[in-house]
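The values are calculated or read from the model by the stated rules, or taken from the named source; none is laboratory data. Treat the numbers as computed from the prediction; the structure is a model and nothing was measured. Backbone-built Cβ (ideal geometry, glycine too); neighbour counts: all protein chains shown.
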Amino acid sequence: METILLRVRDPQQDREAVQRAAVILRGGGLVAIPTETVYGLAANALDPAAAARIFQAKNRPPDNPLIVHIEALGDLPKIVRYVPHKAIDLAEAFWPGPLTMILPKREVIPDVVSAGLDTVAVRFPSHPVGAAIIRESGLPIAAPSANLAGSPSPTNARRCVEDLSGRVEAIVDGGPCQVGVESTVITLAEDTPRLLRPGFITLEQLCGVLGDVAVDNAVLSKLEEGVKPSSPGMKYKHYAPKARVVLLEGSAEEFVRFVNGQHGKNIWALAFGPEASGLKKPYLLMGETPEEQAQRLFECLRELDDRGAELVYARCPKKTGVGMAVFNRIARAAAFTIQKL
Ligand code: AMP
Ligand code: MG
C-alpha cells in the first residue's frame, strides 16, 4: 500500500488535506493523526473492519483495547451507557485535553475496539489538527498510538512514517506533539475512580476535582506475574527501545560518577540537563522540568536506538505531578530495573 503524507499546520489553510484525511476515515481507511499527547493511528470506531485493521497495522495484541476520540461533549452519550457526574466534572475541568475516561460502553462500540470488555475508553483531544480531522469525519475515532506495538510512541510524523509507511493510507504531519506522553487514563466504571495510567493531567489535578482517586498498583511498580491487569495495556512491555535501560536513583553528582565509572561499548546516558557536562559517555538530554522530560522522552528513546546504544543509564524522574507519567514510561522502558546510587 502506498502511504500518502499530508501536511497540516493550520486546519483552515490546509482544509483540503483535512478533508482528504476525513474521506479516508469514512471509507474505512487508516490515518495517523497528530494529537497533543502522541500521534494516533485513527480509524472509524463504529466499523469493526476498520478498527481491526489498526491491530493489524500496529501488530497490536487483540486484547489491548483502543481509545475512542470524540470532538464534542455531546458525542459522549452516544457511545457510553450513562455519563456519571464525575465524568461531567472531569470533562469540564480537562476536556478537550489529555485525559481518557473509562466508562460502560454502548452496543455501537464493536467488541474489537473494547477488546471484548463492557467498558470503553473515551477522550476529547485538544490538538487543532487532530480535532479538525475527527470533526470533518463526523465519526467517533478509535486511535491508539501510531507506533508498531512495543516501540516508543511517536511524537512527530517522521517516527510514524518509520513505523507505518506502507501499512496505512495516510500520515498527517502536524508538527511535534506538545505533551509527548500518552493521555492520563482514569476508570469511572467502578465505585472509586482509579488512575490506570499517569499522564499530563496529574493525580493531584484529578484529586482536586474528584476528591479521592486510587492509584493502580501497576502505575508505579511492576505488574506481578499472574496478576490480571486493570488495564490490558499494562501487561505489555511498552515504550521499550532496543537498548537495555537502567534507571539510576540518586543525585546528579552520583549519576555522573557512576556512569563515568562504567566500562563497555555503546553505553549511553540519558540525563536531565547541566549535569551532563560532567559525563565522559555520550548522552541525550530529557530536560530539567517534568513537562520537558515528558515531551522529549519517547524521541530520546528512539534516538538512542538510531545511535546504536546498547546500554542506557537514565536519571530517575521524580514521581509527583507530571513526573509520575515520566517515571511510569521510563520505568517500563527499563522493565522496572531501578538501581539506587
Ligand atoms: P494507547 O492507545 O496505545 O495509548 O493504548 C490505550 C490504553 O488504554 C491501553 O493501555 C489500554 O489498556 C487502555 N484502555 C483502553 N480501553 C480500556 C478499557 N476499557 N479499560 C481499561 N483500560 C483501557
Ligand atoms: Mg500505545
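Some notes on this structure:
- Looking only at the stretch 1-16, and only at residues there that are among the aliphatic types (A, V, I, L, M) and farther than 20 Å from ILE70 by Cα, the one that is surrounded by the fewest Cβ atoms within 10 Å (Cβ to Cβ): MET1
- Of all the listed residues (ARG302, ARG332), the sole one being over 21 Å from LEU220 (Cα atoms) and assigned to a helix (DSSP H, G or I) is ARG302.
- Number of positions in the stretch 224-237 that are buried (at least 19 other Cβ atoms within 10 Å of the Cβ) and either assigned to a strand (DSSP E or B) or of a type in the set (A, V, I, L, M, F, W, C) (or both): 1
- The set of residues in the stretch 54-77 that are more than 16 Å from ligand 2 (Cβ to nearest atom) and not hydrophobic (A, V, I, L, M, F, W, C) comprises GLU71, GLY74, ASP75, PRO77.
- Filter pass, LEU148 being within 12 Å of ligand 1 (Cβ to nearest atom) and part of a loop (DSSP other than H, G, I, E, B): yes
- Meets criteria (surrounded by 15 or more Cβ atoms within 10 Å (Cβ to Cβ) and at pLDDT below 95) for TYR313: no
- In the stretch 191-214, the residues that are assigned to a strand (DSSP E or B), within 17 Å of GLY323 (Cα to Cα) and over 18 Å from the mean Cα position of the chain (by Cα): none
- Whichever residue in the stretch 239-264 is out of contact with any strand residue (DSSP E or B) (no Cβ under 9 Å at 6 or more places or on another chain) and assigned to a loop (DSSP other than H, G, I, E, B) and, among such residues, is modelled with the lowest pLDDT: TYR239
- Out of ARG135, ARG81, one residue alone is closer than 21 Å to ILE24 by Cα, more than 16 Å from ligand 2 (Cβ to nearest atom), among the basic types (Lys, Arg) and surrounded by fewer than 23 Cβ atoms within 10 Å (Cβ to Cβ). It is ARG135.
- Filtering SER145, SER126 for residues that are within 21 Å of PRO198 (Cα to Cα), more than 13 Å from ligand 2 (Cβ to nearest atom) and among the hydroxyl-bearing types (Ser, Thr, Tyr) leaves a single hit, SER126.
- Flag if THR155 is within 11 Å of ligand 1 (Cβ to nearest atom) and crowded, with 24+ Cβ neighbours inside 10 Å: no
- Failed item, numbered, when ARG167 is tested on (1) within 14 Å of ligand 1 (Cβ to nearest atom); (2) within 30 Å of VAL23 (Cβ to Cβ); (3) surrounded by fewer than 19 Cβ atoms within 10 Å (Cβ to Cβ); (4) of a type in the set (D, E, K, R): (1)
- A single entry from LEU41, LEU46, LEU90 fulfils the requirement of being within 10 Å of ligand 1 (Cβ to nearest atom), touching a Leu at 6+ places or on another chain (Cβ under 9 Å) and touching a residue at least 40 places away in the same chain (Cβ under 8 Å): LEU41.
- Neighbours by Cβ (under 7 Å, 6+ apart or cross-chain): first from the stretch 131-146, under 12 Å from ILE33 (Cβ atoms) and among the β-branched types (Val, Ile, Thr); second at pLDDT 95 or above and in a loop (DSSP other than H, G, I, E, B): ILE134/GLU71; ILE141/ALA45
- Of all the numbered requirements in (1) more than 23 Å from the chain's Cα centre (by Cα); (2) crowded, with 17+ Cβ neighbours inside 10 Å, VAL219 misses one, and that requirement is (1).
- Sole exception among (1) in contact with a Phe, Trp or Tyr (Cβ under 7 Å, 6 or more places away or on another chain); (2) assigned to a helix (DSSP H, G or I); (3) among the β-branched types (Val, Ile, Thr) for VAL179, by number: (2)
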